[in-house]
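Structure first, commentary second.
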Amino acid sequence: MYQSVVYQIYTGINYFLDIVSGILFVYCLMTWFVRPDSQIYLFMRRLVDPIVTPFRPLARRLMERGLMLDISVLLAIIGVRVIRYLVQIVFFRFLL
């Protein structure tokens, strides 16, 4: 019973992190194809900004060194993947 509940929590966290990664990916595509003043773009930006903002200083430093792309969204996706991996370690090593 205990393991079943813990596994369901783990599955829910994984689904949530998958949704966050998907939203970040869609936002990244929208920056290329959707006008910045459209309502959907502004809505997505409000969703994504709290996740991407911590990665912007690192992306700026890379851009100052010659990188021509803003990779803050990519860094955020990598950060979500790292969190997912850490959650997996915690759940399977310590709880199950």
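Per the listing Leu17, Leu62, Leu47, Leu58, the residue uniquely in contact with a Ser or Thr (Cβ under 9 Å, 6 or more places away or on another chain) and either at pLDDT 95 or above or not acidic (Asp, Glu) (or both) is Leu58.
Taking every residue in the stretch 51-62 that is more than 16 Å from Ile23 (Cβ to Cβ) and pairing it with any residue that is of a type outside the set (S, T, N, Q) and assigned to a helix (DSSP H, G or I), at least 6 positions away or on another chain, the pairs with Cβ-Cβ distances below 7 Å are Leu58/Leu75; Ala59/Leu75. Answer yes or no as to whether Leu74 is part of a helix (DSSP H, G or I), under 19 Å from the mean Cα position of the chain (by Cα) and surrounded by 14 or more Cβ atoms within 10 Å (Cβ to Cβ). In short, yes.
Of the residues making up the stretch 1-39, those that are more than 21 Å from Val80 (Cα to Cα) and surrounded by 11 or more Cβ atoms within 10 Å (Cβ to Cβ) are Val34, Ser38. Cβ-Cβ distances below 9 Å connect the following pairs, each with a first residue in the stretch 65-76 that is farther than 21 Å from Val20 by Cβ, a second residue that is at pLDDT below 95, and a separation of six or more residues or different chains: Leu67/Ala59; Leu69/Ala59; Leu69/Leu62; Leu69/Met63. Within the stretch 19-30, the set of residues being of a type outside the set (A, V, I, L, M) and free of Cβ contacts under 8 Å to residues at least 40 places away in the same chain comprises just one member, Gly22.
Total residues in the stretch 32-57 satisfying the condition of being within 19 Å of the chain's Cα centre (by Cα) and either over 26 Å from Asn14 (Cα atoms) or β-branched (Val, Ile, Thr) (or both): the figure is 8.
Exactly one residue out of Arg84, Arg65, Arg93, Arg46 is loosely packed, with under 10 Cβ neighbours inside 10 Å and under 30 Å from Ser4 (Cβ atoms), and it is Arg93. Please indicate, with yes or no, whether at least one residue in the stretch 20-38 is modelled with pLDDT of 95 or more, part of a helix (DSSP H, G or I), β-branched (Val, Ile, Thr) and under 30 Å from Phe94 (Cβ atoms). Yes, the conditions are met somewhere in the stretch 20-38. Taken as a whole, the structure leaves Tyr41 outside the set of residues that are in a helix (DSSP H, G or I), at pLDDT 90 or above and in contact with a Phe, Trp or Tyr (Cβ under 8 Å, 6 or more places away or on another chain).
The values are calculated or read from the model by the stated rules, or taken from the named source; none is laboratory data. This one's a predicted model, so the numbers in the text were calculated from it and none came from an experiment. Cβ atoms come from the backbone with ideal geometry, glycine included; neighbour counts cover every protein chain shown.
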